Amino acid sequence: MNYEYKRKNIYKEADEAALKEIDAYAEEYKKFLYASKTERGAAATAKKLAEAKGYKPFTFGDKIKAGDKLYFINRDKNIFLMRIGKNDLEKRGIKIMVAHVDSPRLDLKPNPLFEEGGISFLKTHYYGGIKKYQWTTIPLALHGVVMLPGGKKLDVCVGEEESDPIFYITDLLPHLSQEQNTKPLGTAIQGENLNAVIGTIPDKEEEKDAVKAAVLKLLHDKYGITEVDFETSELCFVPAGKPRDVGFDRSLISAYGHDDKVCAYPEMTALFDCDSDDTIISVFADKEETGSQGVTGMQSRVILDVLDSICASLGANPIVVRYKSMCISADVTAAYDPAYADVYEKRNSSYINCGASLTKYHGARGKSSTNDANAETVGYLRDVFDKAGVIWQTGELGKIDVGGGGTVAMYIANLGIDTCDIGVPVLSMHAPYEVISKADLYSMHLAMKAFCEA
Ligand code: MN
Ligand code: MN
């Protein structure tokens, strides 16, 4: 008998059949991810997939009954998938899985359009934690919506098709970077310089700002929008292009937005695939990257309203149900990166290919701003995963006092619901192209499925 804790590498344990499942699952994930670059995209994609599985729309006030499969879309940016089981809610509680589907990106400013030096640009205001230098000189796509006068909504997606143009933020040539090279990474590229090039052809009639005028004319001809419509839009630049396999062995996937769609997708597929008579909900949350505030974030009342609506319809006491419920906060963690070994504590890091990482706490400065899951909850989940044969691991985000991070776990726990974080380890988290392991992705699906079926 070996009493030591050792991480297992999934690829060392997997047989031929398991390898096939891992690869097949990854292919479907890549399609989901490509269609889900923004929270709106993710909510729309989830709705489509749920409808194909027989899920029906729900709005507050609708009656819910056992056996229902429902989805509630909150302002097009936050979706709740609900499977109403026949088990007693007050005895079994509700199984909740929450992941966020917003990712760091460059939002447009309300008045973004300007011209300088014969080039027209859109000014951006970054969303979430980014390293600004990473967003220059890469192909960008424009996603989002514009509200036109009278309430008409225009959907925008430019830069994803091969035939589409892309957008581009410049950086200084090395020949003239002597001074820039001496600046720290965090200040060498200023937020106000993250302006994307959108055109250079001047209008022949205009004297001043002729390129801007030509772009405005083009935008009006093509989309029917005028400059003030930017004010009533939600547009953002995200890295253009599809997820790609990484490495000769194709074990990894590089893509924009793994954080946190790499956990959102597994919680959704687990909900679809699981065999359970319990009530289970899968939540795609918005606004996590900016602190979970607002009507579509997990600090909003909306999750409580959803839980209360289920309880009210089924005649269960919501307080009793919440205290019997459990939540998985499904969010990514940092994968050990040997290039930056000094910020990781080796014994408490999550490793590529060693499975979804059960994370008791995140936070910073002595476990501040985190849900520190209790031993009973972590112990329960350990048993659930072990019984189902899920290969999982554990870890902290990084060394003590080198930084930190948060998830939605504390907001759900604050409602009186036992909550624990688990997530896929990510290399280069929050970079335009992040990297995850296909084996870890599939481990996350198996872990979520085991949770649903326990
Ligand atoms: Mn996250
Ligand atoms: Mn994040």
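The values are calculated or read from the model by the stated rules, or taken from the named source; none is laboratory data. This is a predicted model, so every value here is computed, not measured. When we count neighbours, we look across all protein chains shown, and the Cβ atoms used for this are built from the backbone with ideal geometry, even at glycine. Surface accessibility is based on the protein's heavy atoms, side chains included, excluding ligands, DNA and RNA. Shrake-Rupley method; radii C 1.70, N 1.55, O 1.52, S 1.80 Å.
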Rg from C-alpha atoms of the stretch 156-266, normalised by the globular rule of thumb 2.2 N^0.38 Å, equals 1.44
For Y344, the residues 5 or more places away or on another chain with a placed amide H closer than 5 Å to its own amide H are K399
Along the stretch 407-414, Karplus-curve 3J(HN,Hα) (6.51, -1.76, 1.60; θ = phi - 60°) to the nearest Hz, with x for Gly and Pro, reads 9, 7, 3, 5, 6, 6, 4, 4
With the charge dipole of the stretch 210-320 built from beta-carbon charges (+1 for Lys and Arg, -1 for Asp and Glu) about the Cα centre, the Cα from S309, T232, T290 projecting farthest to the positive end belongs to T232
In whole angstrom, largest first, the equivalent ellipsoid semi-axes that the Cα gyration tensor gives for the stretch 193-333 are 44, 24, 13
Any lysines whose Cα falls less than 16 Å from that of K6, other than same-chain ones fewer than 8 residues away, would be K346
For the chain, dividing by residue count, accessible area per residue (probe 1.4 Å) in Å² works out to 47 Å²
Carbon/sulfur accessible area of the chain, % of total, 1.4 Å probe, equals 52 percent
Phi angles of the stretch 235-250, converted by Karplus (6.51 cos²θ - 1.76 cosθ + 1.60, θ = phi - 60°) into ³J(HN,Hα) in whole Hz with x for Gly and Pro, give 10, 8, 8, 10, x, 7, x, 9, x, 10, 5, 10, x, 4, 8, 6
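Assuming a viscosity of 0.692 mPa s and a temperature of 37 °C, what translational diffusion coefficient in µm² per second does Stokes-Einstein assign to the stretch 234-308, Rh being the Kirkwood radius over Cα pairs?
For these conditions, the coefficient is 215 µm²/s.
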Taking every C-alpha to C-alpha distance in the chain and binning by 20 Å from 0, the per-bin percentages run 24, 54, 21, 2, 0
With 0.36 nm assigned to each residue of separation and the Cα-Cα distance removed, K367 to K346 gains 5.7 nm
Per the beta carbon screen (other Cys under 4.7 Å), unpartnered cysteines of the chain come out as C157, C236, C263, C311, C327, C354, C420
Rounded to whole angstrom, the alpha-carbon centroid of the stretch 412-454 lies from that of the stretch 121-158 at a distance of 27 Å
Expressed in angstrom, Rg and Dmax over the Cα atoms of the stretch 391-433 are 12.9, 36
Surpassing 32 Å at the alpha-carbon level, of the pairs K30/K91; K69/K399; K77/K387; K31/K132, are K30/K91; K69/K399; K77/K387
Expressed in angstrom, Rg and Dmax over the Cα atoms of the stretch 328-372 are 11.4, 31
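Lysine pairs in the stretch 191-297 with Cα distance under 17 Å, only those 8 or more apart or on different chains: how many are there?
6
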Rounded to whole angstroms and listed largest first, the alpha-carbon spread of the stretch 188-236 along its three principal axes comes to 38, 25, 14
Between E28 and E51, the FRET efficiency computed from the C-beta separation at R0 = 22 Å comes out, to the nearest 0.05, as 0.85
Dividing the helical contributions, -39500 (n - 2.57) per DSSP H run of n ≥ 4, by the residues of the chain yields a 222 nm value, nearest 500 deg cm²/dmol, of -8500 deg cm²/dmol
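Please give me, ordered by residue number, the trypsin sites (Lys or Arg not before Pro) of the stretch 249-294 that lie in loop per DSSP and have at most 16 other Cβ atoms within 10 Å.
On the way: sites: R250, K261, K287; in loops: R250, K287.
Passing both the DSSP loop test and the Cβ count: R250.
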For T394, the residues 5 or more places away or on another chain with a placed amide H closer than 5 Å to its own amide H are L358
If N is the residue count of the stretch 283-336, its Cα Rg over 2.2 N^0.38 Å rounds to 1.39
Short to long, in 5 Å steps from zero, the percent of alpha-carbon pairs of the stretch 84-201 per bin is 2, 8, 14, 17, 16, 12, 7, 5, 5, 5, 4, 2, 1, 1
At 20 °C in a medium of viscosity 1.002 mPa s, the stretch 1-110 has a Stokes-Einstein diffusion coefficient, with Rh taken as the Kirkwood radius over alpha carbon pairs, in µm² per second, of 122 µm²/s
The farthest towards the positive end of the charge dipole of the chain, of the residues L216, L89, L113, given +1 on Cβ of Lys and Arg and -1 on Cβ of Asp and Glu, is L89
Cα-based Rg/(2.2 N^0.38 Å) for the stretch 366-454, rounded to two decimals, is 1.17
Rounded to one decimal in nm, the spacing of the 7 Å Cα→Cβ label points at E205 and L176 is 3.4 nm
Per the Cα gyration tensor, the stretch 62-111 corresponds to an equivalent ellipsoid with semi-axes, largest first in Å, of 33, 13, 7
